[in-house]
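Data block below; observations after.
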Amino acid sequence: MNAWIAFLRTNARLLSFGFTFNLCLACGQTYFISLFNGEMQAALGLNHGQMASLFGMATLVGSFGIAPAGRLLDRLDLRVFVAGLLIGSAGSFALVAAAKSSFMLFLGLVGVRMMAGSVMMLCTMATMARYFEATRGRAAAVANMGFTAGYAIFPFIIAILLNTVGWREAWAIFAIAFVVVVLPLTMWQLRGHGERHRQYLKHLESLSTANAADTREHYTLGQVLRDSRFYLIIPGLLVVPCILFTFQYHQLALVEEKHWDLHAFAGAYLLFAATSFVANVIAGVLVDRWGSRALTEIYLWPMVPALALVAWVGGSWAIPFYMIFTALTFGLNLVTGITVWSELYGTRHIGAIRGFNAMLNTLVASLGGVVVGFLIDRGVLLATQAIYSMALVIAAALLLHKVGSKLPRKHRAG
C-alpha cells in the first residue's frame with residue numbers, strides 16, 4: 001500500500017491525465033451511444049435495422065483514421081495532439097446534436113467513434129506505455145480505472161439528461177464540457193510534459209549507448225508486421241472486442257433468448273464494473289512484478305465459462321457469473337493490451353503500433369456486430385453462436401500460451 005501511495009503521489013498529474021482521458025472516452029463507446037438510439041431513431045425516422053447499419057458503417061469508416069492518428073501521435077507534442085483530439089471530439093458531438101438527417105448523424109458518429117471511441121484510448125495507452133517503465137503495469141491499471149468508472153457513472157448521467165433536457169441538448173452539453181472543462185484540465189495535467197519527453201528520449205539514448213548488446217530494438221510498425229510473434233498475439237487481443245463487445249451490443253436479444261430478467265441483467269453491470277476494476281489493479285501489480293507473460297497465458301480463459309453459460313444455461317442465476325467471468329477477461333485485457341506491445345517492440349513507435357492494433361480492434365468489433373446480427377435475423381440462436389465463439393477463444397488462448405512462454409519474465413526497458 002505504501003508503494004502504491006508513493007507511486008500515485010510521485011506521478012499524480014500524468015496518472016490523473018490517463019484516468020481523465022479514459023473516463024472521457026466513454027462518450028465514444030457502444031454502450032454510451034446506444035443509450036440514445038431510441039430518441040435518435042424517433043427524431044430521424046429510422047428503424048432499428050437502419051440505426052444499427054448506420055452505427056456499424058460509421059464505426060467501420062472511422063476505424064481507417066485510427067492508424068494514421070497513431071503515427072501522428074509519435075510525431076506531435078502530446079499536448080498539441082490532446083488539444084486537437086478534444087476539439088475534434090467536441091465538434092463531432094456538436095454535429096450529432098445538430099443532425100437533421102441520417103447522413104449528418106452518420107458524419108457525426110464517424111468522428112465520435114474514431115476520436116472519442118478509439119484514438120483517445122490509443123493516446124492513453126501509448127502515453128502510459130511510453131513514460132512509465134518499471135511501473136508500467138500499475139500506470140496502466142490507474143488509467144484504466146477511468147474506463148471502468150465510465151461504465152458505472154455515465155448511464156446514470158445520460159438517463160438524467162434524457163429526462164430533463166433531451167438527447168440533442170445532452171450531446172451539446174458533452175461538446176461544451178470537452179472544450180470548457182476537459183481541455184483546460186488535461187493541459188494542466190500535462191504541464192511540464194516537454195521536459196518529461198526530453199528525459200524519455202535521453203533515457204532511450206543512454207540505453208542504446210550503455211550496453212548495446214543488451215538493448216533490444218525499438219521496432220517500427222513495418223518490422224512488427226514482419227515478426228511472427230505479432231500473428232500469435234493478435235488473435236487473442238482481437239477476440240475480446242469481437243466476442244465480448246458484440247454480445248454486449250446484442251444484449252437485449254441475449255436477454256430475450258435466455259429468458260433472463262432484464263432489470264437483473266442491467267443491474268449486474270455494476271458487478272461487471274467492480275470485477276473489472278479489481279482484475280485491472282491485480283493485473284497491474286502482476287505485470288510490474290513478472291512481466292506480461294503472467295497475464296498473456298491466462299487472461300482469455302475466463303471467457304470460456306462465460307460463453308458456456310450463454311450456450312447451455314437458461315436461469316437468471318447465471319447473470320452474475322456471466323458478468324464476473326467476462327469482466328475478469330476485460331479487466332486483465334485492459335492492462336495486457338498496453339504492456340505486451342511495449343515489452344516486445346519497445347516504445348519509440350508505440351503510437352503507430354497501438355494505432356494499427358486499435359484499427360483492427362474497431363474493424364473486428366464492427367464486423368462482429370454485423371455478422372452476429374445477420375445470424376440472429378436468420379434464426380441462429382446466440383446460444384449456438386456462443387459455442388463457436390468458445391472455440392475461437394480457446395484457439396486464441398492456445399496461441400497466446402505459445403508466445404507467452406517466450407516472453408521475458410521481466411518487462412524490457414524503454
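Descriptive notes on the structure:
- Of all residues in region 150-177 being aromatic (Phe, Trp, Tyr) and more than 18 Å from GLN41 (Cβ to Cβ), the one that is modelled with the lowest pLDDT: TYR151
- Filtering region 240-268 to residues that are part of a helix (DSSP H, G or I), of a type in the set (A, V, I, L, M) and either closer than 26 Å to GLY337 by Cβ or in contact with a helix residue (DSSP H, G or I) (Cβ under 6 Å, 6 or more places away or on another chain) (or both) leaves VAL240, ILE243, LEU244, ALA253, LEU254, VAL255, LEU262, ALA264.
- Residue within region 33-55 that is touching an Asp or Glu at 6+ places or on another chain (Cβ under 8 Å) and either farther than 27 Å from ARG198 by Cα or not polar (S, T, N, Q) (or both) present: no
- Cβ pairs under 6 Å, 6+ apart, first in region 263-279 and within 20 Å of MET145 (Cβ to Cβ) and touching a residue at least 12 places away in the same chain (Cβ under 8 Å), second of a type outside the set (A, V, I, L, M, F, W, C) and surrounded by 21 or more Cβ atoms within 10 Å (Cβ to Cβ): ALA273/THR148; ALA273/TYR151; SER276/THR148; SER276/GLY331; PHE277/THR148; ALA279/GLY331
- Criterion: over 15 Å from GLY337 (Cβ atoms) and assigned to a helix (DSSP H, G or I) - qualifying residue of ALA274, ALA283, ALA279, ALA294: ALA274
- Applying a threshold of 6 Å to beta carbon distances and a minimum spacing of six or more residues, or different chains, the list of pairs starting in region 346-358 at a residue that is among the polar types (S, T, N, Q) and ending at one that is in a helix (DSSP H, G or I) reads THR347/ALA129; THR347/ARG130.
- Search result, residues across region 7-51 that are outside any helix (DSSP H, G or I), more than 19 Å from TYR131 (Cβ to Cβ) and in contact (Cβ under 8 Å) with a residue 60 or more places away in the chain: GLN29, LEU35, PHE36
- Within region 154-169, being within 16 Å of ALA26 (Cβ to Cβ) and among the small types (Gly, Ala, Ser) holds for one residue alone: ALA159.
- Every pair of residues 6+ apart whose Cβ atoms lie under 6 Å, when the first sits in region 302-328 and is closer than 17 Å to ALA266 by Cβ while the second is among the β-branched types (Val, Ile, Thr): ILE324/THR275; ALA327/THR275
- For THR347: the one exception among (1) under 16 Å from ILE243 (Cα atoms); (2) outside any helix (DSSP H, G or I); (3) of a type in the set (S, T, N, Q): (1)
The values are calculated or read from the model by the stated rules, or taken from the named source; none is laboratory data. Keep in mind the model is a prediction, meaning the values are calculated, not measured. Cβ: placed from backbone, ideal geometry, glycine included. Neighbour counts: every protein chain shown.
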